[in-house]
Amino acid sequence: MDSIVKYRFAEEKDASLILYFIKELAVYEKMRDEVVSTEENIREWVFEKQKAEVIFIMENDREVGFALFFHNFSTFLGRAGIYLEDLYVLPEFRGRGYGKGLLKKLASVAVERGCGRFEWCCLDWNKPSIDFYLSLGAKPMEGWTTYRMAGDTLTEFAE
């Protein structure tokens, strides 16, 4: 039997499933201890405040991967873009084109919405993903470094 692959946008009832994928990604990235998100956070920020969106890739009606993304804005282009925060496919479903499928789906969402670009970050040590992104024609942003404030640093700076 051939697999039936489809995509669907997450709904509020999917908060626990989204959190499951986030935790699985964190294990892969060796950052599980950093996940403090809860189902309540997901419901509030993704669905109530609509600050992010999630697309699932499904095989035979089972969610086997996800992409969490949000809009950013380019002042130089004068239009929004899509920023991919998380992309994850369950290990037993890798090698079937599902990661590429999710990226293509997000690219089509960006084009449909008139976005000027589609961006994401990748951990420096994640050579399989880097090689994969390069094979798709994605280009690393030479000369750019991501900076972050979080936790106490963010709070103290804001005061």
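Quick note: the coordinates plus some simple rules give every number you see, no bench work behind them. This is a predicted model, so every value here is computed, not measured. All Cβ positions, even for glycine, are placed from backbone atoms using ideal geometry, and neighbour counts span all protein chains on display.
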Review point. Across the range 2-16, which residue is nearest to Val46 (Cα to Cα) among those that are of a type in the set (A, V, I, L, M, F, W, C) and surrounded by fewer than 17 Cβ atoms within 10 Å (Cβ to Cβ)?
Key: Phe9
Exercise for review: Being assigned to a loop (DSSP other than H, G, I, E, B) and exposed (fewer than 14 other Cβ atoms within 10 Å of the Cβ) is the filter here, so list the residues in the range 36-50 that pass it.
Suggested key: Val36, Thr38, Lys49, Gln50
Revision key, fill the gap. The number of residues in the range 72-93 that are part of a loop (DSSP other than H, G, I, E, B) and among the aliphatic types (A, V, I, L, M) is 2
Check your understanding: Looking only at the range 132-159, which residues are surrounded by 10 or more Cβ atoms within 10 Å (Cβ to Cβ) and either among the acidic types (Asp, Glu) or assigned to a helix (DSSP H, G or I) (or both)?
Key -> Phe132, Tyr133, Leu134, Thr153, Leu154, Thr155
Point to revise | In the range 25-57, the residues that are over 16 Å from the mean Cα position of the chain (by Cα) and of a type in the set (A, V, I, L, M) | key: Val36
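Residue by residue, here is whether (1) buried (at least 17 other Cβ atoms within 10 Å of the Cβ); (2) closer than 13 Å to Phe9 by Cβ; (3) touching a Pro at 6+ places or on another chain (Cβ under 6 Å) holds:
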| site | (1), (2), (3) |
| --- | --- |
| Asn60 | no, no, no |
| Thr75 | no, no, no |
| Arg79 | no, no, no |
| Glu85 | no, no, no |
| Val89 | yes, no, no |
| Leu106 | yes, yes, no |
